[in-house]
Amino acid sequence: MLIIGCDDHRGFQQIAWVDTETGEVDERRLSHREEAEQFYRTLQTGKVRVGMEASGHARWFERLLKDLQFELWIGDATRAKWRSSSTARCSLLKKCLTPPTLLEMAIFQQP
């Protein structure tokens, strides 16, 4: 499974991911919506889980993930103590979504 922590902004996404089968980890900045869509469409090779903060400007992204049949977990920003940088936040999201530290408490919900 590919697990991605995503910090979504109006003009870019900062993401961090781990492949639970290979152990590969990486981070990347997707500069605009088209680049983000292209990136996620290349991942249609297996099971993907994406975690992100609740956001009013990410409806297009939620629809894309639904079309790709990826899991989407939404984090309640009021219940989580997010760090200051985008890289730190997406890394924390990735960690929260990865067993054995999977945090399914009140922070995340599937829409």
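The values are calculated or read from the model by the stated rules, or taken from the named source; none is laboratory data. Computed from a predicted structure; not experimentally measured. Positions of Cβ are backbone-derived with ideal geometry, glycine not excepted, and every protein chain shown enters the neighbour counts.
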Looking only at residues in the stretch 7-31 that are exposed (fewer than 11 other Cβ atoms within 10 Å of the Cβ) and under 17 Å from residue 59 (Cα atoms), which one is modelled with the highest pLDDT?
11
Given the criteria loosely packed, with under 11 Cβ neighbours inside 10 Å and either part of a loop (DSSP other than H, G, I, E, B) or at pLDDT 60 or above (or both), does residue 79 qualify?
yes
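Give the residue that is surrounded by the most Cβ atoms within 10 Å (Cβ to Cβ), with candidates limited to residues of the stretch 33-66 that are among the acidic types (Asp, Glu) and closer than 15 Å to residue 4 by Cα.
Only one residue fits best here, namely 53.
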